[in-house]
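See structure below.
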Amino acid sequence: MKKFVLSMLTVSLLLLSLVPPITAQPWVEVFQGKIKVGESLQVGDYQIKLTLSKDYLPYIIIYQGNDIKALQMVKFGGIIEVDNLRIIPGSFDGEQLFLIIQYQPQLSQEIIPKVGQSYTVDGYTFEVLNMTNENITIKLGSMEYVIKNGSYDVYDKLALEYLDGKLLVYVADITVEKTPELEYEIHYTFDAITAKAGDSVDIPIEVINKGNDDITLPLKIISKPLNWDVKLADAQKGYEVSEITLKAGEVRYLNLAVTLPEDASGTGIIKFSIGKELGEVKIYVQQREEIDVKLSILSIESEAGEKVAFPIMLTNYGSDKVVNVQVVEKPKDWDAYFILNGVRIRSFLLPSATPQELSLIVEIPRNAELGTHTIRVAINNNSYSFSVFVYKTYKGEKATLSLSVVDDEGNPVPKAKVCINETTTYFTDTAGQLKTELDPGKYIITIEKKGYSNASKEIELLDGEEKSITMALQRAPYYFNVEMDTDTLSVSFEYQLPYEIRIVNLGKNDDEYKLSLVGLPNEWAYRFLRDPQSNVEVSSISINSGQSKSVWLKIIPSYNAQPGTYHAKLIVESSSGIKFEKELEIELIGNYELDVNLMNYQLSVQAGKEVSTRIILSNPGTAPITNINFDIKAPDGWEVTVSPERIAKLDRGGYQEVTLTIKVPDTTPAGEYRVTITVKSDQTEWEDSIRVRVRQSSSSAYLGILILILTFGAVIFMMRRIGRR
């Protein structure tokens, strides 16, 4: 810290040593320190601003209100004086400038001093210790000052001058405040251009308010060459402006409009200010040549993907001459060229005294970067510059492709297969349309559809582009398609609805088609019918180009066919020799029915004996019944047999007689019993029951009567004995 203070004192003493001695009205130092580029010091009515020029040189601008009192490049030790203000610049490190500011105050009070007397002026108290004709000794605070006659000394903001026995008191009652940099920027593309005497040029300037508050900026032309017409104008409306107001974040565009006099020569330097920002443009003046080139527009705003034109007026003041034009510099991937009378040119003949207008056309790619881009051209070896400010770009955005597929007559082609770069496949909708998003780039589009020749096309999609293309497919002379709702047909032995077969003639010419069905089992039959309600059979059909017709297929299985799945092949062959084949799966569905008839539902049998009855099984269905078995449930000890015990197959329409034998044990009491019969097969099941009445033998009956008599006798005997007692 001590080193810093010593270095600042050294610099201050060095700067003050550069100031020439002055014996007139005193100067009082009111500021010593550093300010940053863009900062300002408010010294009373004056504002001192540090700024940088286009070539990054430091400049001091002194304002009084909106008036610029001084504009001077900073030099170490150089003195800048304005009225009663003096600025002594020190070192500049690229960001900060050390400076000393002195102020020359007016006389505040004149005193006739007396030794030993104290005086107070503006809050400062001092005492006169000694006084002679040559000098006076003053005590101010703890310090003593000896002031020679005709000179002065300074304490803080107080200056004391001793002059012929009088003490003149000066007080620098002025405040110094730092004001921060306003958050705005100015940009202009050209700080040095070449123009011809008599030309008018516009130099675009961009002003951006980067702060959060509205700002008002005064505009001023500080200096310009004599007789030059220079003004700051609104870029859109063209009129001169002296002040602009920008809202937070707003961007405003101005033009530095310069008109050179006909006798202009050398280099003209134009200095201007926008608010506190300084601008400088150099214009190198060329003398008017025999061919005069006037550029009415130097900079254009546009969005990416557009085409802009810069008009150029040429006038030949000499004899007929050939004019050569060339684009010597342009941004990468941009296209720039000259147009005359609707054609691109590189040279043309310019007749004498005949003005001729041509245009520089600039095509901006859709992926152009935002900002300003420069295009330089040469006209007869003289160089000219133009700029395009791109304010909107489509860089990186997906492109939209709208594809229409039509035939050679302009009709839409639905469901066409669309291959993009052989990696991605799409299909057109029913209207022959396809819309998809793709990354920018080059693509090969291939269209395929049966009955049409293939078509290919190479396209390029730009960033964010919406491109619509139409591709045509050539129809084949002969081609057809066969459509069925299903390739699995269900067939039964009973009545069935036929299946529709649609034939579509996609060729250019009319054609005839023959139908057949091969691969059916022997003894099966089929018919192609004209319509589903009639029995009118057809074997071929004629169809006009672009139309379709239907026939109906009916399949008749053989009587003894077994239910199951069969295969056949549908063949449609055109008279032009084109054959269509389609594999069909035929599912034969049978009707399974089993009738079981019991010849007797009630049987009578003597205990210990057996009885038989017949069971008749028949198949009234349309399919055979297989693996028929019998399940009998009878009282315990009974023997029940079925003959035959199992029937392997009962064909449709067939019958089978079965004998049921029931043997009853001899100990079975007389009574009525039930026997349940269940008939089971692979396809169906049946169940019923028979009532069996069991009776006893005659000897058994007599024995029973005897037992009853003995029982009754025993009962009577017991009653009598009990009665006597």
(message) ARG376 - would you say it is at pLDDT 90 or above, in a strand (DSSP E or B), in contact with an Asp or Glu (Cβ under 6 Å, 6 or more places away or on another chain) and farther than 29 Å from THR436 by Cβ?
(response) yes
(message) If LEU529 meets every condition in (1) over 30 Å from ILE628 (Cα atoms); (2) loosely packed, with under 14 Cβ neighbours inside 10 Å; (3) of a type outside the set (Gly, Ala, Ser) apart from one, which number is that one?
(response) (2)
(request) Find the residue count for region 207-233, including only residues that are outside any loop (DSSP other than H, G, I, E, B), more than 27 Å from GLN286 (Cα to Cα) and among the acidic types (Asp, Glu). (result) 0
(message) Are there strands (runs of 3 or more DSSP E) fully within region 403-499 with at least 2 residues that are at pLDDT below 90 and closer than 27 Å to SER574 by Cα? List them.
(response) 480-483, 488-492
(message) I'm trying to understand the selection: among the residues of region 359-368, which are surrounded by 19 or more Cβ atoms within 10 Å (Cβ to Cβ) and not in a loop (DSSP other than H, G, I, E, B)?
(response) LEU360, VAL362
(request) Could you list all residues from region 88-115 that are over 12 Å from VAL169 (Cβ atoms), touching a Phe, Trp or Tyr at 6+ places or on another chain (Cβ under 9 Å) and either of a type in the set (Phe, Trp, Tyr) or surrounded by 13 or more Cβ atoms within 10 Å (Cβ to Cβ) (or both)? (result) PRO89, GLY90, SER91, PHE92, PHE98, LEU99, ILE100, ILE101, GLN102, TYR103, GLN104
(request) Being within 19 Å of GLY451 (Cα to Cα), part of a strand (DSSP E or B) and of a type in the set (A, V, I, L, M, F, W, C) is the filter here, so list the residues in region 502-531 that pass it. (result) ILE503, VAL504
(request) Pull up region 532-585, narrow it to residues that are of a type in the set (A, V, I, L, M, F, W, C) and part of a loop (DSSP other than H, G, I, E, B), then point me to the one that is modelled with the lowest pLDDT. (result) ALA561
(message) One residue is enough: does region 291-308 have a residue meeting the conditions touching a strand residue (DSSP E or B) at 6+ places or on another chain (Cβ under 9 Å) and over 30 Å from ASP234 (Cα atoms)?
(response) yes
(message) Looking at region 685-704, I want the residues that are assigned by TED's automatic domain parsing to the domain that holds ALA634 and have a partner that is among the acidic types (Asp, Glu) and at pLDDT 90 or above with Cβ atoms under 8 Å, at least 6 apart or on another chain. Which pairs are those?
(response) ARG691/GLU672; VAL692/GLU672; ARG693/GLU672; VAL694/GLU672
(request) Sort out which residues of region 484-537 are polar (S, T, N, Q) and under 30 Å from GLY410 (Cβ atoms), and write them in order of number. (result) ASN505, ASN509
(request) Answer yes or no: is there a residue in region 467-484 that is under 26 Å from ILE556 (Cα atoms) and surrounded by fewer than 13 Cβ atoms within 10 Å (Cβ to Cβ). (result) yes
(request) Could you list all residues from region 600-634 that are farther than 20 Å from TRP686 by Cα and touching a Pro at 6+ places or on another chain (Cβ under 9 Å)? (result) ALA607, GLY608
(message) Anything in region 234-251 that is in contact with a Leu (Cβ under 7 Å, 6 or more places away or on another chain) and not in a strand (DSSP E or B)? List them, or say none.
(response) ALA235, VAL241, SER242
(request) Identify the residue in region 191-222 that is among the charged types (D, E, K, R) and in contact with a Lys or Arg (Cβ under 7 Å, 6 or more places away or on another chain) and, among all such residues, is farthest from SER273 (Cα to Cα). (result) LYS196
(request) Mind counting the residues in region 376-405 that are of a type outside the set (Gly, Ala, Ser) and more than 30 Å from the chain's Cα centre (by Cα)? (result) 8
(message) Given (1) at pLDDT below 90; (2) over 20 Å from GLY44 (Cβ atoms); (3) not basic (Lys, Arg), identify the lone condition not met by GLY123.
(response) (2)
(message) List the residue pairs whose Cβ atoms are under 6 Å apart, where the first residue sits in region 346-358 and is in a strand (DSSP E or B), the second is surrounded by 11 or more Cβ atoms within 10 Å (Cβ to Cβ) and β-branched (Val, Ile, Thr), and the two are 6 or more positions apart or on different chains.
(response) PHE348/VAL323; LEU350/VAL323; LEU358/ILE312
(request) Considering only region 369-388, state which residues are of a type in the set (S, T, N, Q) and either surrounded by 13 or more Cβ atoms within 10 Å (Cβ to Cβ) or in the same structural domain as ILE203 (by TED's automatic domain parsing) (or both). (result) THR372, THR374, ASN380, ASN382, SER385, SER387
(request) Look through region 450-466, keep the residues that are under 15 Å from the mean Cα position of the chain (by Cα) and not charged (D, E, K, R), and return whichever of them is farthest from ILE578 (Cα to Cα). (result) GLY464
(message) Could you check region 322-337 and list, in sequence order, the residues that are without any contact (Cβ under 8 Å) to a residue 40 or more places away in the chain and either under 30 Å from the mean Cα position of the chain (by Cα) or more than 20 Å from SER385 (Cβ to Cβ) (or both)?
(response) VAL322, LYS332, ASP333, ASP335
(message) Going by what's in this entry, would ASN597 be described as more than 60 Å from the chain's Cα centre (by Cα), among the polar types (S, T, N, Q), closer than 30 Å to SER681 by Cβ and at pLDDT below 90?
(response) no
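The values are calculated or read from the model by the stated rules, or taken from the named source; none is laboratory data. These numbers were taken from a predicted model, which means no experiment stands behind them. Quick reminder, even Gly has a Cβ in these numbers, built from the backbone with ideal geometry, and neighbours come from all protein chains shown.
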